[in-house]
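Structure record follows, encoded as structure tokens.
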């Protein structure tokens, strides 16, 4: 029987146990400590990565040298597939933001998987299309909205990525650092702090240490989407 983690990876979720066992046999596991760089922008890509447990941030350097965080990925997400498919260099840097365990599949092995299992290719296309749609929505929001709207957009993105919903309340167990939120929203750490406290004062969110709760997720999304 294959390990359960493979069953929850979107591009592998429809595969039978026999195929999943074969995939597990061709990959390797590796642990990364918090703040370790896993991939570096512009390096040659030789493998793709599945997150067994942990969280990573995907970022790029702006023209003025500032870090711009594109997204945060967690359990069952994958990354590194673009350089595998087109053979070009990495398009972003990926850094562990907590201790993280990864499953690594080398380029040739992954390409052989795609050839032997067209359903993986279809699932991969669907996942990449959804990521493009999400990126378009985020770019539009961050270019058109004021500071409050930009911060709300980032909170909603994180809620969708790693939040847990219960009775209309979405809880983000470990909110990224305010500087990381600022890098995602294209604003300053001071603006993040001010807007978060404004949201809390309005009753939209609750902050408790590193935890954030969106008290009425649907209303919050309706206001700021």
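Throughout, read-outs are computed from the coordinates displayed, never taken from laboratory work. All of these numbers come straight from a predicted model, not from anything done at the bench. All Cβ positions, even for glycine, are placed from backbone atoms using ideal geometry, and neighbour counts span all protein chains on display.
Per DSSP H run of n ≥ 4, the term is -39500 (n - 2.57); total these for the chain, divide by its residue number, and report the mean residue ellipticity at 222 nm rounded to 500 deg cm²/dmol.
The helix contribution divided over the chain gives -13500 deg cm²/dmol.
Shape verdict for the stretch 73-141, please, from the Cα gyration tensor: rounded (a/c under 1.5), prolate (a/b greater than b/c) or oblate.
Oblate, because a/c is 1.5 or more while a/b does not exceed b/c.
First measure r as the distance between the Cβ atoms of residue 36 and residue 161, then evaluate 1/(1 + (r/R0)^6) with R0 = 25 Å and state the FRET efficiency to the nearest 0.05.
Approximately 0.80, to the nearest 0.05.
Note down the relative contact order for the stretch 145-224 as a percent, whole number, built from C-alpha pairs under 8 angstrom at least six residues apart.
For the stretch 145-224, the relative contact order is 34 percent.
Given R₀ = 41 Å, what would the calculated FRET efficiency be for residue 68 paired with residue 18, taking r from the Cβ atoms and rounding to 0.05?
Using R0 = 41 Å, I get an efficiency of 0.45.
How far, in nm, would the chain grow between residue 142 and residue 216 when pulled straight, counting 0.36 nm per residue and subtracting the alpha carbon separation?
24.4 nm
Pull up the DSSP beta bridges for the chain and report the antiparallel fraction as a percent, rounded to 5.
Approximately 100 percent, going by the DSSP bridge assignments.
Taking neighbour counts of Cβ atoms within 10 Å as a proxy for exposure, in what order, fewest first, do 82, 184 appear?
With the fewest neighbours first, 82, 184 line up as 82, 184.
Match the structure shown to one of the listed values [x] 13.0; [y] 14.4; [z] 13.6 of mean projected area of the Cα convex hull in nm², computed from it, and give that label.
[x]
Considering only 63, 153, 71, give the residue with the highest GNM mean-square fluctuation for the chain, with springs between Cα atoms whenever their separation is below 10 Å.
63
Applying 1/(1 + (r/R0)^6) with R0 = 41 Å to the Cβ-Cβ distance of residue 125 and residue 178, what FRET efficiency is obtained, to the nearest 0.05?
0.70
Under 8 Å for C-alpha pairs, at least 6 residues apart: give me the relative contact order for the stretch 83-225, rounded to a whole percent.
Relative contact order here is 18 percent.
Modelled label-to-label distance, residue 46 and residue 225, 7 Å Cα→beta-carbon offset: nm?
4.4
Return a whole-number percent for the relative contact order of the stretch 4-139, with Cα pairs under 8 Å and 6 or more residues apart as the contact set.
This gives 33 percent for the stretch 4-139.
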